[in-house]
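Here's the structure we're looking at; comments come further down.
The values are calculated or read from the model by the stated rules, or taken from the named source; none is laboratory data. As the structure is a prediction and not an experimental result, all values here were calculated from the model. Here Cβ is always computed from backbone atoms with ideal geometry, including for glycine, and neighbour counts include all displayed protein chains.
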Amino acid sequence: MTDRRFPALCLCACLLLAGCGTPGSVSGSAPHSAPSGEEPLAVPYETDFRLTSGHHTAGIDFPAGVYDLEAVQWCGTVISSNEAISLDMGTPEYNTDGQSHYEQTAEGVDLPTGTVLSLSGGVTLRLTCPDADPAPLTPREQDITEDVKLAPGKYTAGTDFPAGVYDFTALNGVGNVESSNMYDGGICEVMGTTWRIAEGFGFCDQKYENVSLPEGTVLNTSGVDLLLTPSE
């Protein structure tokens, strides 16, 4: 199994993160359903969408299929749970000093139903597939419905807040966000709402999607206020 630890872009031991760019808006997102009509689709269909930081599951967050991937903003790490891809991807401006550390494209990446595609470090990917699985997306099974606001501190899922799968949003500040299951659907990122390049900060995520926090998972945060919203 591929080691799923994030490379240098995910430095949760400290807050000195190498610069990956300047902030900007992200357009597009993963589809939440196949094109709808009077009857469900019976044949594959073409899909084109974007994903940002987080864990995205084929069949739940996007249709299963064989995809071409293109980095369209920033740089980061792209890993799939079926080992179809494990690559640092980014746009050309991040390959400096003659280095070719970041690939901008990856073709023919097979993401069957149940495969988790994890993005970290701030990269935004465009995913295209000419014949995506027409099966309806399956809703994520969880009972949690309430948002959770957390100040910096140490928290345990199931004790301090309900266990479940959450989208993380930084509300204020910048700092480390790390869960005890960071290599198994959790999180190890620098998150924030500011871009303090002069103090050593490059890119920090304002949002990180579909973080799994099962019962007993410990979540440590420093320097940043968070909003946890149940993932759909």
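Assorted remarks:
- Test: residue in the range 130-140 that is exposed (fewer than 15 other Cβ atoms within 10 Å of the Cβ) and at positive phi: no
- Of the residues making up the range 63-85, those that are in a strand (DSSP E or B) and closer than 14 Å to residue 119 by Cα number 11.
- Neighbours by Cβ (under 9 Å, 6+ apart or cross-chain): first from the range 108-120, free of Cβ contacts under 8 Å to residues at least 40 places away in the same chain; second surrounded by fewer than 22 Cβ atoms within 10 Å (Cβ to Cβ): none
- When each of 127, 137 is tested for being modelled with pLDDT of 95 or more, hydrophobic (A, V, I, L, M, F, W, C), farther than 25 Å from residue 176 by Cα and not in a strand (DSSP E or B), the lone residue that passes is 137.
- Residue 121 meets each of the listed conditions (1) farther than 22 Å from residue 184 by Cβ; (2) modelled with pLDDT under 90; (3) not basic (Lys, Arg) apart from (1).
- Restricted to the range 152-232, the set of strands (runs of 3 or more DSSP E) holding at least 2 residues that are over 15 Å from the mean Cα position of the chain (by Cα) comprises 153-156, 164-179, 218-221, 224-230.
- In the set (1) within 21 Å of the chain's Cα centre (by Cα); (2) without any contact (Cβ under 8 Å) to a residue 60 or more places away in the chain, the condition left unmet by residue 95 is number (1).
- Residue match in the range 99-114 (condition: buried (at least 17 other Cβ atoms within 10 Å of the Cβ) and under 18 Å from residue 189 (Cα atoms)): no
- All positions within the range 78-105 that are among the β-branched types (Val, Ile, Thr) and modelled with pLDDT of 95 or more: 78, 79, 85, 105
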